[in-house]
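The next block holds one structure in the form of structure tokens; read it before the comments.
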Amino acid sequence: SVELNPRYRALGTTARPLSYGSGLRSFNTPVADQPQAQPVLNDMLFSQQWALPKIGLPTAWEQGGQGSKNILIAIIDSGVDYNHPDLKGQIVNGKDFMADVPSGPNGDSSSDNIDDDPLDQMGHGTHVAGVIAALPNNQTGVAGIAPGVKVLNIKALNGDGWGSAFAIAQGITYA
């Protein structure tokens, strides 16, 4: 059978990776009407992660709820910046199914491109990985929801934030 190979775009494709500045920003302070004060983390952007204290996540972490290194979560996106300091030791590199200059089934003309370097070229996949697994309390970036898990890095979107149905299907099959 034959089907169209449509392109899909990541949400917020104008996003670019943030710089990894070393200066600390304001910290989250416990709200006065909370029955128990939530632990305050020293991550630079934790004060902007309003949902984490609201759902009691820092308290859950203190009670051992950070996830397990035996859990591998596949992120099929624009890749992940495996050099990002907030994701050190969290990333397991998979494949790149969507080269920045697409060809073959992943784009136009010539043969298919698959390689072993799923480095993020636009920031979306790194953002998703950070929401899931960024290391908390390390004075860097944000705190992930489950920082104890590992992330399988699969690139199926290019540097402009789009990927073909074929590349995304390859990523899902690989995962």
Search the range 118-142 for residues that are within 14 Å of ILE76 (Cβ to Cβ) and pair each with any residue that is part of a helix (DSSP H, G or I) and not small (Gly, Ala, Ser) when their beta-carbon atoms are under 6 Å apart and the residues are at least 6 apart or on different chains. ASP120/THR126; ALA129/LEU87
For ASP33, indicate whether it is more than 30 Å from ASP160 (Cβ to Cβ) and at pLDDT below 90. yes
Please determine, by comparing only the residues of the range 150-175 that are hydroxyl-bearing (Ser, Thr, Tyr) and either touching a residue at least 40 places away in the same chain (Cβ under 8 Å) or in a strand (DSSP E or B) (or both), which one is surrounded by the fewest Cβ atoms within 10 Å (Cβ to Cβ). TYR174
If you go through the range 150-166 one residue at a time, how many are over 12 Å from the mean Cα position of the chain (by Cα) and not acidic (Asp, Glu)? 10
Quick count over the range 50-75, residues being open to solvent by 50 Å² or more (accessible area, probe 1.4 Å) and either modelled with pLDDT of 90 or more or part of a strand (DSSP E or B) (or both), is 5
Selection count, the range 78-100, where residues are crowded, with 21+ Cβ neighbours inside 10 Å and under 12 Å from ASP116 (Cβ atoms): 4
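The values are calculated or read from the model by the stated rules, or taken from the named source; none is laboratory data. What you are looking at is a predicted structure, and each value in this text was computed from that prediction instead of being measured. Note that each Cβ is placed from the backbone with ideal geometry, even for glycine, and that neighbours are counted across all protein chains shown. Only protein heavy atoms, including side chains, enter the accessible area calculation; ligands, DNA and RNA are left aside. Shrake-Rupley method; radii C 1.70, N 1.55, O 1.52, S 1.80 Å.
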